[in-house]
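Asker: Below you'll find the structure I mean.
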Amino acid sequence: MSATAEAPVASLARTDAPPAIVLDKVNKWFGSLHVLRDVSMTVANGERVVVCGPSGSGKSTLIRCINRLEQHQEGRIIVEGTELTDDLRSLDAIRREVGMVFQSFNLFPHLTILENCTLAPIWVRKTPKAEAEALAMSYLERVKIPEQVKKYPGQLSGGQQQRVAIARALCMQPKIMLFDEPTSALDPEMIKEVLDTMVGLADSGMTMVCVTHEMGFARQVADRVVFMDRGEIVESGTPAEMFETPKTDRLRLFLSQILRGH
Amino acid sequence: MSDITAGSTPVPTARRDAPIHTSGPIAWLRVNLFSGWVSTAVTLLLAYLIVTRLISFVDWAFINAIWAVPGGNQTQACRDMKGIGACWAVITEKHRFILFGTYPYDEQWRPLIVCLLFIGLYVVSAMRRFWRAELGLIWIVTLAVIGLLMWGGVFGMPYVPQERWGGLPITLILSTFGLAFAFPLSILVALGRRSKMPAIKMICVVYVELVRGVPLISLLFMASVMFPLFLPEGMNIDKLLRAQVAIILFAGAYLAEVVRAGLQALPKGQYEAADALGLSYWQKTLLIVLPQALRMVIPPLVNTFIGFFKDTSLVLIIGIFDLLTAGKTAIVEPAWQGFGVEVYIFIALIYFCFCFAMSRYSQSLEAQLNTRRR
């Protein structure tokens, strides 16, 4: 899985199959703060969506609603044909199918790298230990960490930890991967190794929803870029449309601020 | 190369030894004990006091001490030396009573084995290589053997009623069973206090607040005096068991707050990562949350453990014959009256050995677990 820096990844979205994620007029409040306002969006199977927007725009809350780390209060969220409700069984089913990568890695510090990766397959999927370890090793090789598997997360660099976190999520063999600002907590020289891993993943046809400020990554892999501001989707389109001919002032302002920073 | 001047060729700075007298014992003494005339005076005064006290203590405890008296209780020699030399004869004479209380004299090998079994159990449990499911089995078997030895009545060992048990075995029984039951209880209560279910949360809060709000002594009194009033006529739960339950409930409430502190210190991201992987509540709690939360609270946990080990001596007030009560009773006999200091030093030493071992073990455990994390 080599990622050449600039070549865009061909779209693998299958619009004929049922959609992977449907959000229908989703609303959420934190106390009196209206953080998601009538958010509607459909993600096709195999589609790669990048969500961007200024901080506090609700983009993290949005993807955290997709595996119910946050609960929405109005509207419907349907993941792989199952609607998210208070029913715990459907929630477990969805969480098995949706992998998540966090800004702060959230590896389990008391477990080795290998144990981090085999824990959920063994306990949730009931995979035999040997099989789970073989699977974990294959994913750890894909993210280029096979020689560190006996170490603990604290002994790895940030970029390595984040790649382990990606491998850990993949070990559950999810249909959808959510990325919540995966490179924001990393030193600049480690961002590329994580982005390369994600490009490789996009190559394999995974459905991805990614909150990120990495516009180069968005250009390279995204089928669609969604721009959020103040809890609503302001604009969405292909990376080329969004970056070259922004329609709204808010997106234009955001892009000018982002690009100045690079 | 500390000198950076444009155009000059960088010359490597030669390695030098550290200046003399900034390290080493003499420098340390100078900085910490003799840094000025006031500190020098204080140092000399304290040194004088410590040395003279130490000399008189050694004189009293070892050089002038009497280790045995003729006939077992002709204590005149001791009385002559009172204040000059310690009368360790009281320990020589009474140690079996202090350690085993009123347990039948000829059967005292049984409580002795019980104490050794307890210590063996602690040592085995402390070793990481025994931290497996079999350890639970070892505990059950050992505790069963301990019960068998104490009560007897089989294998040719005469039956000894619980009223005659005493001394160190009682202290070890109360604290081992107390903490063995209180610890799991406290984990459940701490989890319950953070539960989203209001009824469970309410029960746990009420339990902790009620138990923490009363002194252990009053709980022990309630267990020994009030509790039997509520039982039907003729039914009687033995006193040791009632005190044991009171200690478990009391320790459980305190430990629950310690465990809760660990649960709160765990970053939210750990819970979220476990949720996102689809782990169930109990999988998340047992595999992710508790291993990390308990590790963080080892020092306050051991602090509470040590506290409760010593607090078992409060059963003295409801007439249970633990180590301290046995020691107190040993010097009631007229021949030995007035030798309390020696007996209390002996008992304090026993308590100290157990508590100090716990403290050292917790430090090494912390060090071991932390080196693996970073």
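Please treat every number below as a calculation from the coordinates, not as lab data. Just so you know, these numbers come straight off a predicted model, no measurement behind them. No Cβ is skipped: glycine too gets one built from the backbone with ideal geometry, and neighbour counts run over all protein chains shown.
Asker: Against the longest alpha carbon principal axis of chain A, how many degrees, from 0 to 90 and to the nearest 10, is the axis of helix A:158-170 turned?
Answerer: Its long axis makes an angle of about 90 degrees.
Asker: Moving on to the next point. How well do other chains shield peptide B:276-286, expressed as the mean number of their Cβ atoms within 10 Å of each residue Cβ?
Answerer: Average per residue, whole number: 6.
Asker: Quick one: Cα centre-to-centre distance for the stretch B:302-324 and the stretch B:237-254, in angstrom?
Answerer: Value for the Cα centre distance between the two parts: 11 Å.
Asker: Moving to a separate point now. How big is the gap, in Å, between the Cα center of the stretch A:220-247 and the Cα center of the stretch A:151-184?
Answerer: 26
Asker: Taking the C-alpha atoms of the stretch B:272-359, how large are the radius of gyration and the largest Cα-Cα span, Dmax, in Å?
Answerer: 21.8, 73
Asker: Calculate the mean, over all residues of peptide B:263-274, of how many other protein chain Cβ atoms lie within 10 angstrom of the residue's Cβ.
Answerer: Partner-chain Cβ atoms within 10 Å, mean over residues of B:263-274: 4.
Asker: Taking the Cα centre of the protein assembly as shown as the origin, how large is its charge dipole in debye, to the nearest 20, when only Lys and Arg (+1) and Asp and Glu (-1) carry charge on their Cβ atoms?
Answerer: 700
Asker: Here is a further query. For the residue pair A:Asp203 and A:Arg252, what label-to-label distance in nm results when each label sits 7 Å from Cα along the Cα-to-beta-carbon direction?
Answerer: Going by the 7 Å Cα→Cβ label model, 3.9 nm.
Asker: Once you measure Cβ to Cβ distances between cysteines in chain B, which Cys have no partner under 4.7 Å?
Answerer: Cys with no partner Cβ under 4.7 Å: B:Cys115, B:Cys204, B:Cys353, B:Cys355.
Asker: Here's a follow-up. Calculate how many DSSP beta bridges within the stretch A:103-262 are antiparallel, expressed in % of all such bridges and rounded to the nearest 5.
Answerer: 50
Asker: In the calculated pair distance distribution of chain B, what percentage of Cα-Cα distances lie above 38 Å?
Answerer: That fraction is 41 percent.
Asker: Nearest 10 degrees is fine. How inclined is helix A:188-203 to the longest principal axis of chain A, computing both from alpha carbons?
Answerer: The two axes meet at around 90 degrees.
Asker: So, by mean Cβ neighbours within 10 angstrom, what's the order for A:28-37, B:82-91, A:204-213 with the highest one leading?
Answerer: Per-residue mean Cβ counts within 10 Å order the peptides as A:204-213, B:82-91, A:28-37.
Asker: Set the bar at 30 Å for Cα to Cα. Now go through A:Lys144/B:Lys284; A:Lys25/B:Lys201; A:Lys129/A:Lys151; B:Lys196/B:Lys310; A:Lys59/B:Lys268 and name every pair that lies beyond it.
Answerer: A:Lys25/B:Lys201; B:Lys196/B:Lys310
Asker: Let me check the size of the stretch B:236-301 from its C-alpha atoms; what are the radius of gyration and Dmax in Å?
Answerer: 16.3, 53
Asker: So what's the Cα pair-distance distribution over the protein assembly as shown, bin width 10 Å, in %?
Answerer: Taking every Cα pair in the protein assembly as shown, the percentages come to 3, 12, 17, 16, 14, 13, 11, 8, 4, 1, 0.
Asker: On to the next question. How shielded is B:84-91 by partner chains, expressed as the average number of their Cβ atoms within 10 Å of its Cβ atoms?
Answerer: Averaged over the peptide's residues, the number is 0.
Asker: Mind jotting down the three principal axis lengths of the stretch A:156-262 based on Cα atoms? Whole angstrom, largest first.
Answerer: Dimensions of the stretch A:156-262 along the principal axes of its Cα atoms: 41, 29, 24 Å.
Asker: Something else about it: Name the residue, out of B:Leu324, B:Leu240, B:Leu135, whose mean-square fluctuation peaks in a Gaussian network model built on chain B with Cα pairs under 10 Å.
Answerer: Result: B:Leu135 has the largest fluctuation of those listed.
Asker: Pick from A:Asp24, A:Asp38, A:Asp86: which residue has the top mean-square fluctuation in a GNM of chain A where Cα pairs under 10 Å get a spring?
Answerer: In the Gaussian network model the winner is A:Asp86.
Asker: Give me a comma-separated list of calculated 3J(HN,Hα) values for the stretch A:107-118, in order, Karplus coefficients 6.51, -1.76, 1.60 applied at θ = phi - 60°, integers in Hz, x for any Gly or Pro.
Answerer: Result, rounded to whole Hz: 5, 8, x, 8, 10, 5, 4, 5, 5, 4, 7, 9.
Asker: Along its principal axes, what span do the Cα atoms of chain A show, with the longest given first and each in whole Å?
Answerer: Each principal axis gives a Cα extent; for chain A these are 53, 43, 39 Å.
Asker: Also: If I build a Gaussian network model for chain B, linking alpha-carbon pairs within less than 10 angstrom, which residue out of B:Leu349, B:Leu168, B:Leu277 has the largest mean-square fluctuation?
Answerer: B:Leu277
Asker: What is the local net charge at B:Glu257, summed over the other residues whose Cβ is closer than 14 Å to its Cβ (Lys, Arg +1; Asp, Glu -1)?
Answerer: Around B:Glu257, the surrounding residues sum to +3.
Asker: How large is the Rg to Rh ratio of the stretch B:104-165 when both quantities use alpha carbon positions and Rh follows Kirkwood?
Answerer: 1.06
Asker: Take each uninterrupted DSSP H stretch in chain B, measure its Cα extent along the helix axis, and return the ones at 15 Å or beyond whose mean Kyte-Doolittle hydropathy is at least 1.0.
Answerer: For chain B, where a helix must reach 15 Å along its axis and average at least 1.0, the hits are B:37-58, B:109-126, B:134-151, B:168-193, B:198-212, B:239-265.
Asker: Right, here's the next one. Add -39500 (n - 2.57) for each DSSP H run of 4 or more in chain B, then divide by its residues: what number comes out at 222 nm, to the nearest 500 deg cm²/dmol?
Answerer: So the calculated ellipticity at 222 nm is -20000 deg cm²/dmol.
Asker: Rounded to the nearest 10 degrees, what's the angle between the helix A:88-97 long axis and the longest principal axis of chain A, both from Cα atoms, 0 to 90?
Answerer: The helix A:88-97 is inclined about 80 degrees to chain A.
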